[in-house]
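Down below is the structure, laid out as structure tokens.
The values are calculated or read from the model by the stated rules, or taken from the named source; none is laboratory data. All values reported here derive from a predicted model rather than from experimental measurement. Reconstructed Cβ throughout: ideal geometry from the backbone, glycine too, with neighbour counts over all protein chains shown.
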Amino acid sequence: MELSVTPPIHQQIIVSGVGGQGVLLITRLLAEAAMMKECRVLTSETHGMAQRGGTVVSHLKVGDFSSPLIRPQAADGLLALKPENIAQYSRFVKPGGWAVVNSPAAISGYTDFSVISVDADTDARAIGNLKSVNLILLGAALSRTSEGVPLLFCNYPNIQAVLHQQYPDAPQTLEKFLIALNAGFSSCRFF
């Protein structure tokens with residue numbers, strides 16, 4: 001009788017946006033999902049001039065790592081809440097990696113890794129919650145694969161469980177978050 005062994009999770013992700021877009025929320029949800037899976041997780045974030053619309057970037061490592069910062073060309077993926085964030089942080093994505101970018105149009109010019117554009121702003125307007133771009137982008141990333149393998153180490157039910165765990169006493173907030181996550185997961189606005 002053969003036992004199948006699940007390989008350990010080992011993933012590095014950059015999350016980028018501007019202050020107020022929810023970069024830290026995405027990072028926290030992913031970190032909590034990793035801990036629910038009993039994985040080691042390290043995070044680090046740079047806030048900079050976030051309160052004035054400046055860039056916020058977060059590093060997330062899931063697996064056996066000793067430092068929270070991701071080196072250039074080492075990230076498995078990039079979640080970019082603004083189209084210009086891909087230009088700023090593409091140097092971190094390794095060859096064969098991926099980027100999921102909030103953009104109203106396809107983004108070209110990157111040949112070392114795949115780029116998936118998601119019009120999360122339009123989806124946010126459609127559900128009546130302009131502040132939900134972050135969760136829409138995360139939902140979209142959860143729905144995508146690269147060569148048949150999910151982009152992220154966790155799945156949609158994992159993030160739903162984290163949201164339920166984090167917001168048990170805020171049913172209206174929880175409902176808004178779940179609607180946004182589902183909008184991204186089921187979106188047809190991929191380029």
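Results, tabulated for the structure shown:
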read-out	value
Verdict on Pro8 being out of contact with any strand residue (DSSP E or B) (no Cβ under 9 Å at 6 or more places or on another chain), assigned to a loop (DSSP other than H, G, I, E, B), of a type outside the set (D, E, K, R) and exposed (fewer than 14 other Cβ atoms within 10 Å of the Cβ)	yes
Qualifying position, being under 14 Å from Leu29 (Cα atoms), at pLDDT 95 or above, in contact with a strand residue (DSSP E or B) (Cβ under 6 Å, 6 or more places away or on another chain) and not acidic (Asp, Glu), among Leu163, Leu137, Leu174	Leu137
Inter-residue pairs, beta-carbon under 9 Å, first at pLDDT below 80 and in the stretch 180-191, second surrounded by 14 or more Cβ atoms within 10 Å (Cβ to Cβ) and part of a loop (DSSP other than H, G, I, E, B), 6+ apart	Ser187/Asp119; Arg189/Asp119; Phe190/Asp119; Phe190/Arg144; Phe191/Ser103; Phe191/Ile107; Phe191/Asp119
Set Ser143, Ser132, Ser117: member being surrounded by 14 or more Cβ atoms within 10 Å (Cβ to Cβ), over 23 Å from Gln12 (Cβ atoms) and not acidic (Asp, Glu)	Ser132
Odd one out for Ser66, checked against (1) under 21 Å from Val18 (Cα atoms); (2) at pLDDT below 95	(1)
Residue list for the stretch 20-46, restricted to those being assigned to a loop (DSSP other than H, G, I, E, B), touching a strand residue (DSSP E or B) at 6+ places or on another chain (Cβ under 8 Å) and surrounded by fewer than 18 Cβ atoms within 10 Å (Cβ to Cβ)	Arg40
Single match in Gly148, Gly97 (criterion: crowded, with 22+ Cβ neighbours inside 10 Å and more than 21 Å from Leu24 (Cα to Cα))	Gly97
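Yes/no matrix, rows are residues, columns are (1) outside any loop (DSSP other than H, G, I, E, B); (2) among the small types (Gly, Ala, Ser); (3) free of Cβ contacts under 8 Å to residues at least 60 places away in the same chain; (4) touching a helix residue (DSSP H, G or I) at 6+ places or on another chain (Cβ under 7 Å):
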| site | (1), (2), (3), (4) |
| --- | --- |
| His59 | yes, no, yes, no |
| Ser67 | no, yes, yes, no |
| Leu78 | yes, no, no, yes |
| Gln88 | yes, no, no, no |
| Gly96 | yes, yes, yes, no |
| Val100 | yes, no, yes, yes |
| Ser108 | no, yes, yes, no |
| Arg125 | yes, no, yes, no |
| Val133 | yes, no, no, yes |
